[in-house]
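Readers should treat all values here as calculations from the given coordinates under stated rules, not as data from a laboratory. On a predicted model such as this, the values are computed, not experimentally measured, just so you know. Glycine also receives a Cβ, built like all others from the backbone with ideal geometry; neighbour counts cover every protein chain displayed.
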Amino acid sequence: MSGKLKIKIRRTDCLDLPLPSYQTEHSAGMDLMAAVEKDVVIAPGKWGLVPTGIAIELPPGYEAQIRPRSGLAAKYGISLVNTPGTVDSDYRGEIKVILINFGDAPYTVMRGDRIAQMVINEVVHAELVHVEELNATKRGDGGFGHTGQ
């Protein structure tokens with residue numbers, strides 16, 4: 001389909017691994033793979049920086065969000081420390097994922113494991129305008145738990 005956004009991708013050291021891809025026709029995210037040289041064990045309550053072996057060139061006005069995989073979270077308690085992580089359009093380095101183990105057993109990351117997903121989004125730059133007052137709303141400044149839930 002010619003209407004798809006084209007993103008340049010460079011492999012850093014993972015010629016043996018497939019490029020990120022959508023697993024189903026309507027998937028929002030592409031799976032990222034672990035490009036570790038040897039197995040990495042993440043102990044419960046700890047985290048580790050895991051390379052993906054790829055770098056991308058996003059067009060201006062876009063970002064890549066790096067998000068946890070729900071299957072890893074549900075089965076093993078594995079998530080991302082900074083979720084979602086953001087890859088800016090001017091970043092050209094290797095994408096790395098900070099996995100954290102919220103589970104109760106060590107988790108082993110092996111080369112080629114699907115460790116996160118990457119979602120491409122448009123970015124809107126806002127212009128902030130300083131004012132002395134904001135328009136009133138029914139909610140007002142009600143914050144965390146203000147609805148009783």
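What the table shows:
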item	result
Cβ crowding within 10 Å averaged over residues, with 5-12, 39-46 ranked highest first	39-46, 5-12
Computed label-point distance, nm, for sites ARG111 and THR86 using a 7 Å Cα→Cβ extension	3.5 nm
Residue order, fewest to most beta carbons within 10 Å, for LEU17, LEU32, LEU58, LEU128	LEU128, LEU17, LEU58, LEU32
The chain: most fluctuating residue of GLU37, GLU25, GLU63 per GNM, C-alpha cutoff 10 Å	GLU25
Computed [θ] at 222 nm, helices only, for the chain once each DSSP H run of length n ≥ 4 contributes -39500 (n - 2.57)	-1000 deg cm²/dmol
Gyration tensor verdict on the stretch 76-149 (Cα atoms; rounded if a/c is under 1.5, prolate if a/b is larger than b/c, oblate otherwise)	oblate
Footprinting exposure proxy for MET118, MET30, MET110 (fewest neighbouring C-beta atoms within 10 Å first)	MET110, MET30, MET118
For the stretch 1-140, with +1 on Lys and Arg beta carbons and -1 on Asp and Glu, the positive-most of LEU17, VAL87, ALA136 along the dipole	LEU17
Charged-residue dipole, Cβ positions (Lys, Arg, Asp, Glu), the stretch 8-122 about Cα centre, Debye nearest 20	220 debye
Against the rule of thumb 2.2 N^0.38 Å, how large the Cα Rg of the stretch 1-59 comes out	1.38
Percent antiparallel among DSSP beta bridges (both partners in the chain, rounded to 5)	100 percent
Rounded, prolate or oblate (a/c below 1.5 giving rounded, otherwise prolate when a/b exceeds b/c) for the chain by Cα gyration tensor	oblate
Charge-dipole axis of the chain as Lys and Arg at +1 and Asp and Glu at -1 on Cβ define it, positive-most pick from GLY61, PRO51, MET110	MET110
Where labels lie 7 Å past Cα in the beta-carbon direction, separation of LEU49 and THR137 in nm	3.8 nm
Efficiency of FRET between LEU128 and THR12 - r from beta-carbon atoms, R0 41 angstrom, step 0.05	0.65
Cβ-based exposure ranking for THR52, THR137, in which fewest neighbours within 10 Å come first	THR137, THR52
Gyration tensor (alpha-carbon) shape descriptor, the stretch 62-111, a/c threshold 1.5	prolate
